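Remarks on the structure that follows.
The values are calculated or read from the model by the stated rules, or taken from the named source; none is laboratory data. No experiment lies behind these values; they were computed from the predicted model shown. Quick reminder, even Gly has a Cβ in these numbers, built from the backbone with ideal geometry, and neighbours come from all protein chains shown.
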Amino acid sequence: MATKTINIKESAYMALKSMKHEGESFSDVIIRLSKSDRKKVTEFVRSLSPELRDDLVASVIRVKKELDEARPRDVSW
């Protein structure tokens, strides 16, 4: 069977690893997840490790704060 090498961020690797079942390869995980029905966001977040959930929460809070502080620009029509 042919293989391909892909580059992913460490956080993506950790998310994928946290979804891996015992005896399952990363290829198996990707295929399983790509074939499964779309999950709710809450189900996805619950599937992450506590460390990744904490990182996600911190990122969302930071971006929300940045958006709250952003000023809308004037657009002429």
*asked:* Checking LYS20 against (1) assigned to a loop (DSSP other than H, G, I, E, B); (2) basic (Lys, Arg); (3) at pLDDT below 90: exactly one of these is not met. Which one?
replied: (3)
*Specify which of the listed residues (LYS40, LYS64) is over 17 Å from MET19 (Cα atoms) and of a type in the set (D, E, K, R).*
LYS64
_Hits in the stretch 46-77 (condition: part of a helix (DSSP H, G or I) and loosely packed, with under 10 Cβ neighbours inside 10 Å)_ = PRO50, GLU66, LEU67, ASP68, GLU69
